[in-house]
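One structure is given here, and the rest of the page talks about it.
The values are calculated or read from the model by the stated rules, or taken from the named source; none is laboratory data. Since the structure is predicted, the reported quantities are computational estimates derived from the model, not experimental observations. Cβ atoms come from the backbone with ideal geometry, glycine included; neighbour counts cover every protein chain shown. Please note that ligands, DNA and RNA were not included when accessible areas were found on the heavy atoms of the full protein model with its side chains. Shrake-Rupley method; radii C 1.70, N 1.55, O 1.52, S 1.80 Å.
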Amino acid sequence: MVRDLAGTTALVTGAAKRIGRAIALALAREGADIVVHYSASQKAALDTCREIETLGRRAWPIKADFAGGRPAGYEGLVEKAGNLAGGLGILVNSASIFPASTLNNVALKDFNESMELNAWAPFVLARDFARLYGKGKILNLIDTRVTGYDWNHAAYIWSKHVLMAMTRMMAIEFAPDIAVNGISPGLILPPPGKDEKYLLEMGKTVPLKKLGTAEEVAGAAVFLLTSEFITGEVVRVDGGRHLWEYTRGPHPD
Ligand SMILES: NC(=O)c1ccc[n+]([C@@H]2O[C@H](COP(=O)([O-])OP(=O)(O)OC[C@H]3O[C@@H](n4cnc5c(N)ncnc54)[C@H](OP(=O)(O)O)[C@@H]3O)[C@@H](O)[C@H]2O)c1
């Protein structure tokens, strides 16, 4: 049975901007209160919180840097967020890094950084969520290129492969009271420092011949987080880009 999210609180990582922000706002529109995680983007996080409040929901900003320091910022974050908000019913792992690396130049440091930020941190947050709250929903943001690969972001795409494997393992291990799903976005927003031209160049690999929007990803998030009978699923929001692998060989980007 599908229900709305009234009475639920979601922790959304990387919610100050872009896709994380769109998901936070979409969940708030469905009635959820939101803990807005950010690392560097404090001002944008406070803007997201204000916008959530104008929707009539409660919002709490929470800062944590997932890189570097020991203990890492993701350790204990779920407990802190739950203490702020009086419990959590949803965890959305959207925070991520997207560094360039190729098979020729990738180093162990790159591998470790992407693996920690993009796979280990979401896993620790999810495991803490399961231990502390014992029921609810978890959503991981993956990447449609796990269907094939991304030769310009080798360490990054490895970490997303691991996150996809973790999503399925957790769906089994955390059942029946916690559903764990993923979304694999395609060409949605250009990475920081690039403009839309960067994505449009790659648009030829998209059967629907357009770029996606953060709101389109957020719509899929609402669908998965309000479903009572979907777990271990990874929904691609990519205009069909993953089909390229089956039809024309590797991506030309
Ligand atoms: N954009 C796309 O087209 C696309 C395509 C495929 C997959 N995805 C996936 O979808 C998700 C959202 O995408 P996006 O483009 O919105 O992501 P993004 O802008 O690249 O990153 C989201 C947030 O991650 C946070 N972050 C970065 N380093 C961090 C650190 N050391 N500690 C804690 N947080 C950190 C940042 O928060 P602060 O700004 O507060 O530092 C940033 O705003 C990601 O998982 C991404 O891999 C996106």
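Counting charges near S114 (Lys, Arg +1; Asp, Glu -1) among other residues having Cβ under 14 Å from its Cβ returns a value of -2.
Ranking N118, F229, A165 by how far each Cα lies toward the positive end of the dipole of the chain (charges on Cβ) leaves N118 at the top. With no solvent and one point per C-alpha, what does the Debye sum give as log10 I(q)/I(0) for segment 1-123 at q = 0.17, 0.20 Å⁻¹? Evaluating at q = 0.17, 0.20 Å⁻¹ gives log10 I(q)/I(0) of -0.81, -1.04. Spin-label model, L132/A6: points 7 Å from Cα along the beta carbon direction are separated by 2.7 nm. Averaging the sequence gap over all C-alpha pairs within less than 8 Å and six or more residues apart, then dividing by the number of residues, gives segment 103-253 a relative contact order of 27 percent. Farthest toward the positive end of the dipole of the chain, out of L108, P207, I178, is the Cα of P207, where the dipole comes from beta carbon charges about the Cα centre. The loop-placed trypsin sites (Lys or Arg not before Pro) in segment 38-98, going by DSSP, include none that has at most 11 neighbouring Cβ atoms within 10 Å of its Cβ.
For T54 and N112, the FRET efficiency from 1/(1 + (r/R0)^6), where r spans their Cβ atoms and R0 equals 51 Å, is about 0.80.
The calculated FRET efficiency for E173 paired with R29, based on their beta-carbon distance and R0 = 41 Å, is about 0.85. Sorted largest first by accessible area at a 1.4 angstrom probe radius, with every protein chain in place, the residues E30, E216 fall in the order E216, E30. Spatial offset of segment 34-62 relative to segment 1-33 amounts to 11 Å, using the alpha carbon center of each. Nonpolar atom fraction for the chain, defined as the carbon and sulfur part of the 1.4 Å probe accessible area, stands at 56 percent. Of the chymotrypsin sites (Phe, Trp or Tyr not before Pro) found in segment 145-253, the ones in coil according to DSSP and having at most 10 other Cβ atoms within 10 Å of their Cβ are F229. Per-residue packing, averaged as other Cβ atoms within 10 Å, sorts the ranges 8-15, 136-143 into the order 8-15, 136-143, beginning with the highest.
Each Lys or Arg adds one and each Asp or Glu takes one away; over the other residues whose Cβ falls under 12 Å from the Cβ of I62, this sums to 0. Its Cα centre serving as origin, the chain has a Cβ charge dipole (Lys and Arg +1, Asp and Glu -1) of approximately 200 debye.
Loop-resident trypsin sites (Lys or Arg not before Pro) (DSSP state other than H, G, I, E or B) in segment 176-216 with no more than 12 further Cβ atoms inside 10 Å of their Cβ: K194, K209, K210.
Between the beta carbons of F223 and L84, assuming R0 = 25 Å, the FRET efficiency works out to 0.40 to the nearest 0.05. Under the convention that each Lys and Arg Cβ holds +1 and each Asp and Glu Cβ holds -1, the size of the dipole of segment 24-173 around its Cα centre is about 260 debye. Surface analysis of the chain yields an accessible area of 47 Å² per residue, using protein heavy atoms and a 1.4 Å probe.
Working ranking of peptides 20-29, 106-115, 164-173 by packing, defined as the average number of other Cβ atoms within 10 Å per residue, highest first, is 20-29, 164-173, 106-115.
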